Amino acid sequence: MNAQRTLRRAVSCTGIGLHSGTKVTLSLKPAPAGSGIRFSRRDLGGLEIPATVAHLASISYATGLSCGEGAVETVEHVLAALVGLGVDNALVELNHPEVPIMDGSASPFVYLIHEAGVKTLNAPRRFLKVVRPIALSSGDKRIALYPSDHFKVTYSISFDHPLLRHQARTLEISEESFIEQIASARTFGFLKEVEMLRQNGLALGGSLDNAIVLGDTGALNALRFEDEFVRHKILDVLGDLALVGYPIIGHVVAHRGGHALHTAFAARILEECDAWRLVEGELDSPATGAPVMAPVKNAAALD
Ligand SMILES: [Zn+2]
C-alpha cells in the first residue's frame, strides 16, 4: 500500500446519465505516477479535467468539475470506486458531460476496475496525515477530520422519514471493507422530490433500476442493507474527499452532509495546511509491521 497504483489496461462500460437520461460511454485507462485521477471529454477533443478541488463546479444535486469550456458531472461514485480500490492514477474518459449512474452505487465501477486489474507503480504514495482537527458546518450539517492512525469514517443521518430517522455507522476504510460494506449501497431520493427534479430537467434517467425511491412510508424497491442510506453517504464522502488529491490518514466525522458540504470541506482541508503533513510510504518497507511513513521534504506544491 506504500506505492502508487494505476490500472493494468483500459476498460469501458455504457450507461445512462441520471439527470440527462443520455446514453454515455465511460472508459477507465492507466495513467502515469503523479498524474492523479483526471477526467477527459472525448467529445471535446480529449479536454482533460483533473479531479481536484481547484476544478470544482457548483452543481446542487451531485459533484461536478469544470475546466475551461468543459465540465463533468456526477463524478462521486466512480471517484469513490477508484480511491476505495487504491487507484491513485487513472484517466476517466467520457463522451458526454455526465458520468453514467449505472445501478446508483459504485459496484459496477468496482467490477470494471477488477476487470482492468491494478498495477503497482515505482513511485511512493503520499498520504495526507491529519495532525489537528479541521471542522466545517452549515446549519445543522457538519463535518470534521480528526487525527487517527487509520482512515476511518463515521457518518450519521437523520431525515423526517420513518425509514431513515436516524442511521449511523463507523468504518475503518480498507479495500476489503469498501468492497464488502460500502460499494454496493445505492443513491436514494424521495418520490415527492422526483417530480420537482423532473420539472427542472433533472433526474430524467432516474428509475428504480438506479436509485432507492422513498415513498411516504417506505422504499419502493428492496434494500441491499437495512442501513443502505448511511452506507451510501459514506460512499459519497469518500468520492468527494478524493478531490483532496491524497489518501487521508485521519478520522472523518460527518452528520447530515451532502455534496456541497463534502466538497467545501475538501477545499478547507487543503487550505488548513498546518493541520496536516504529507507523509510518504517507503517502497521497501519491512514486510512485518505497519506501513513505514516518512515526512515529505519540501512538500509545498499543492496544485
Ligand atoms: Zn451518491
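Each Lys and Arg contributes +1 and each Asp and Glu -1, all at the Cβ; summed about the Cα centre of segment 173-226, the dipole is approximately 260 debye.
Given a Förster distance of 35 angstrom, what is the FRET efficiency for Ser35 paired with Lys141, based on the Cβ-Cβ distance and rounded to 0.05? Show your work: numbers first, answer last.
On the way: r = 33 Å, r/R0 = 0.95.
The formula returns an efficiency of 0.60 here.
Positive end of the dipole of segment 160-208 (Cβ unit charges, origin at the Cα centre): among Ala185, Leu163, Ile173, the Cα lying farthest that way belongs to Leu163.
For the chain: lysine pairs with Cα atoms under 17 Å, gap of 8 or more or different chains, count?
On the way: Lys29/Lys119; Lys129/Lys152; Lys129/Lys297; Lys141/Lys233; Lys152/Lys233.
Final tally of qualifying lysine pairs is 5.
When each of the peptides 205-213, 193-201 is scored by how many other beta carbons lie within 10 Å of its residues on average, the order from highest to lowest is 205-213, 193-201.
Distance between the C-alpha centers of segment 181-215 and segment 63-97? Whole Å please. Here the two parts' Cα centres lie 20 Å apart.
Please work out the FRET efficiency for the pair His150 and Leu204, using the Cβ-Cβ distance as r and a Förster radius of 41 Å; give the result to the nearest 0.05.
Working: r = 40 Å, r/R0 = 0.99.
Efficiency computed from Cβ-Cβ geometry: 0.50.
Once Rh for segment 100-147 is found with the Kirkwood sum over Cα pairs, what is the Stokes-Einstein diffusion coefficient at 25 °C and 0.890 mPa s, in µm²/s? Each step should come with its number before you reach the end.
Details: Rh = 15.0 Å.
D, rounded to a whole number, is 163 µm²/s.
Given 37 °C and 0.692 mPa s, compute D for segment 25-147 with the Stokes-Einstein relation, Rh being the Kirkwood radius over Cα pairs; round to the nearest whole µm²/s. Show your work: numbers first, answer last.
Values: Rh = 15.8 Å.
For these conditions, the coefficient is 207 µm²/s.
Based on the convex hull around the alpha carbon atoms, the chain presents an average projected area of 15.2 nm². Residues whose amide H lies under 5 Å from that of Ala185, counting only those 5 or more places away or on a different chain, are Ala106; hydrogens are built 1.01 Å from N in the peptide plane.
Span-like helix criteria (full DSSP H runs; alpha carbon extent of at least 15 Å along the helix axis; mean Kyte-Doolittle hydropathy of at least 0.0) are satisfied in the chain by 228-241, 259-271. Magnitude of the charge dipole for the chain, about its Cα centre and with charges confined to Cβ atoms of Lys, Arg (+1) and Asp, Glu (-1), is about 300 debye.
Over the chain, dividing the summed -39,500 (n - 2.57) contributions of all DSSP H runs of at least 4 residues by the number of residues returns a 222 nm mean residue ellipticity of -5500 deg cm²/dmol.
None of the figures in this text is laboratory data; all of them are computed from the coordinates on show. What you see is a predicted model; the values in this text were computed from it and never measured. Quick reminder, even Gly has a Cβ in these numbers, built from the backbone with ideal geometry, and neighbours come from all protein chains shown.
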